[in-house]
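The values are calculated or read from the model by the stated rules, or taken from the named source; none is laboratory data. This is a predicted model, so every value here is computed, not measured. Positions of Cβ are generated from backbone atoms using ideal geometry, with glycine treated the same way; all protein chains shown enter the neighbour counts.
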Amino acid sequence: MKNIFLIGFMGAGKSTVARHLQKRLKMNLAEMDERIEKEQGMTIPEIFEKYGESRFRDLESELILTIGKEGNTIVSCGGGVVVRPENIEYMKKNGRVFYLKTSPETVYNRVKDSTNRPILNGNMNVEYIAGLMEKRRALYEGAADITITTDGKSVDEITDEIIIAI
């Protein structure tokens with residue numbers, strides 16, 4: 001099987017759904033943000049602070065190429081992976097892309113106590129999240145082979161939808 005790429009805004013449930021899919025499908029699992037932190041020896045906020053968002057996006061692009069070559073992997077992508085067209089093109093060529101769509105209110109409730117979200121630092125509110133989500137919405141929708149709305153659904157329900165779609 002080719003790869004399964006899970007995309008969506010931070011807090012959409014990509015990591016949680018990826019772990020459930022991995023158990024059910026017996027595929028490899030790649031959590032992009034965790035892998036970047038491990039390989040760089042620093043947290044995402046530290047990478048942003050020291051090198052800026054552009055360097056972080058470079059690391060994401062490099063990693064998506066590496067993971068795509070591995071195959072048979074469920075990939076929990078960083079929320080901003082879709083900002084680079086070459087990432088979208090590569091994901092679509094090397095697997096199925098699932099957009100986990102959620103509301104700004106749900107995102108806020110899931111990430112409000114997090115200090116590991118540099119894009120939201122100083123802007124941890126529903127209005128800001130909604131604005132940023134709207135800016136990325138077309139990118140997520142354009143990248144997705146399938147969109148799954150996650151609000152009000154259990155992890156098992158979301159996982160079942162993805163497995164049925166495959």
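Descriptive notes on the structure:
- Selection from region 140-166 of residues that are out of contact with any strand residue (DSSP E or B) (no Cβ under 9 Å at 6 or more places or on another chain) and within 15 Å of Phe98 (Cα to Cα): Gly142, Val155, Glu157, Thr159, Asp160, Ile163, Ile164
- In region 67-98, the residues that are modelled with pLDDT of 90 or more, in a helix (DSSP H, G or I) and in contact with a strand residue (DSSP E or B) (Cβ under 9 Å, 6 or more places away or on another chain): Val81, Val82, Ile88, Met91, Lys92
- Selected residue (criterion: nearest to Lys2 (Cα to Cα)) from residues of region 20-66 that are assigned to a helix (DSSP H, G or I) and of a type in the set (Ser, Thr, Tyr): Thr66
- Residue within region 1-19 that is within 17 Å of Glu89 (Cα to Cα), among the basic types (Lys, Arg) and not in a helix (DSSP H, G or I) present: yes
- Verdict on Leu6 being aliphatic (A, V, I, L, M), surrounded by fewer than 18 Cβ atoms within 10 Å (Cβ to Cβ), in contact (Cβ under 8 Å) with a residue 40 or more places away in the chain and on the phi < 0 side of the Ramachandran plot: no
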